[in-house]
Amino acid sequence: MKKVRAVQYGCGKMGKFLIRYLQEHSAEVVAAFDINEAVIGKDIGEISGTELTGVKVQPLNEAEATLSRLKPDVGVIATLSTMADLNDAFSLFARLGINAISTGEEALYPWNSSPEITKELDQLAKTTNCTLAGSGYPDMYWGVLIDTLAGSMHKLTKIKGSSCYNVEDYGIALAKSHGAGLTVTEFNQQIGNYNDLPYAEISQKIESGEYAPPYMWTQNGWLASRLGLTITNQTQRCVPQIATEDIYSDTLKMTVKKGDVLGLSALVITETAEGITLETECIGKILTANECDKNSWQFIGEPNTAIEVNNPATVELTCANLVNRIPALIKSPAGFITTEKMPNNVFMTKPMHEYL
C-alpha cells in the first residue's frame, strides 16, 4: 500500500506539529503553503524540527498549480477559525477533488452557523468526490469524550461543560475574535451587544455572517447531532474577562492595560425536545502566570458524574486528534462530513496508510 500523501496549508504554530505528526505516522508531506514571508522558502523539516526533506514552503498563490500537479490524498488546513475565512482554502481543495481537514473551530460543525457556505462546499465536494471536515481539540474533549461518558449514564437531564484556554497559543486572528486587547466599552459594542437575543434572531444573524458565534454554539450542535437530540431553543452570552493588572501579549504585540479585556467567557445554553439541556462555556483569554488550560464537564442525572482535565496540551492535542482523523476522513462519503458522523479515533500503532 502506498503512503498517504499530504499537503500542509498553513505553517504557523500548529503547522509545525502537524507536519511532524504526519511524518511520524508515515504520511508523506509533499507540499506546504503559507502567506508569511518569514517561512516561505524554508524546508518543512526546518519548521517542524525534523530532518530536511527538500520540500520547501511555497506562497499561497502557487497552491493551485502545485496541487493540480501533485494530486495529494489530503490537505491539512491550519489557518483561521471561521468558515468565511476557511472558504477559499476548502473550495480550492474541493475543486481539485482533494480531501481536506481543518483545525478551524467553526469547521467542526458549521451546519448551524454557516449553512450556506457549508451547503455549497458540501455540493462541490460531492461533485468532485472528496471529503471535507474540521477536527481538533474540541472534536475529542468537547465532543467524543462527552458522548462516550454520556453513554455510561442511566438518566441524563443536563450536561454542563467549561473549557479554559490561552488565546496566546492560537495566533492573532483568534485572540482578536475573543476581544483580547479591547476596552470593555469596545467589547460590549462589538461582541457583547448580541447577548440574550431570541433564538430565531441570533440564529439569523449568525447564519447571515453578521455575527461570528462563540465556539460552543457550533459545539452544542455537534453534541445534539451525536446524541440524537432535537434543539428547540439556544441562547448565548459573551462576557469580557478583565485584566486585574497590566499584562503583555506576545501574540497581540501589545500590553493589555489593567481594566481592559483579556478575552471572553461565552456561555451557550441549548434546550432540546428530549428534555436534556446542554450548558457549555468556553473561556478564551490571555492566561496569567498562575492559570492553565482546563476542561471540566458535569453530567446531571443518575448517577451524577464529573470529569476534569487539567493543563491539557491543547495545541498538540488539536494536531494529534486531527492527524488521527485522516483515515476516517479519506474513507468517509463525499461531501462536508462533520466528525460526529465518523467512527471514534483510535491510536495508530501502524503506519497511517494501513488504516485505509
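The values are calculated or read from the model by the stated rules, or taken from the named source; none is laboratory data. This is a predicted model, so every value here is computed, not measured. Using ideal geometry, Cβ is built from the backbone for each residue, glycine included, and neighbour counts are taken over all protein chains shown. Only protein heavy atoms, including side chains, enter the accessible area calculation; ligands, DNA and RNA are left aside. Shrake-Rupley method; radii C 1.70, N 1.55, O 1.52, S 1.80 Å.
What the table below lists for this structure:
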quantity: Helices (runs of 4 or more DSSP H) enclosed by the stretch 1-111 - at least 1 residues per element that are of a type in the set (A, V, I, L, M, F, W, C) and touching a residue at least 40 places away in the same chain (Cβ under 8 Å); calculated: 15-24, 63-70, 83-95
quantity: Scope the stretch 311-324; condition in a helix (DSSP H, G or I) and more than 12 Å from L22 (Cβ to Cβ); matching residues; calculated: T314, V315, E316, L317, T318, N321
quantity: Number of the condition not met by W297 [criteria: (1) part of a loop (DSSP other than H, G, I, E, B); (2) in contact with a strand residue (DSSP E or B) (Cβ under 7 Å, 6 or more places away or on another chain)]; calculated: (1)
quantity: Subset of the stretch 184-222 [surrounded by fewer than 15 Cβ atoms within 10 Å (Cβ to Cβ), modelled with pLDDT under 95 and hydrophobic (A, V, I, L, M, F, W, C)]; calculated: A200
quantity: Failed condition for S225, given (1) open to solvent by 10 Å² or more (accessible area, probe 1.4 Å); (2) in a helix (DSSP H, G or I); (3) in contact with a Pro (Cβ under 9 Å, 6 or more places away or on another chain); (4) not basic (K, R); calculated: (3)
quantity: Scope the stretch 109-148; condition hydrophobic (A, V, I, L, M, F, W, C), within 22 Å of L356 (Cα to Cα) and touching a Gly at 6+ places or on another chain (Cβ under 7 Å); matching residues; calculated: A125, C130
quantity: Residue within the stretch 275-284 that is of a type in the set (G, A, S), under 20 Å from Y194 (Cα atoms), touching a residue at least 40 places away in the same chain (Cβ under 8 Å) and open to solvent by less than 30 Å² (accessible area, probe 1.4 Å) present; calculated: yes
quantity: Count of the stretch 48-85 residues which are open to solvent by less than 30 Å² (accessible area, probe 1.4 Å), β-branched (V, I, T) and closer than 19 Å to A320 by Cβ; calculated: 3
quantity: Q123 vs. criteria outside any helix (DSSP H, G or I) and over 25 Å from N344 (Cβ atoms); calculated: no
quantity: Unmet requirement for H25, which otherwise passes all of (1) closer than 19 Å to A89 by Cα; (2) modelled with pLDDT of 95 or more; (3) not aliphatic (A, V, I, L, M); calculated: (1)
quantity: Verdict on T235 being under 22 Å from the mean Cα position of the chain (by Cα), open to solvent by less than 30 Å² (accessible area, probe 1.4 Å) and either more than 23 Å from V315 (Cβ to Cβ) or in contact (Cβ under 8 Å) with a residue 12 or more places away in the chain (or both); calculated: no
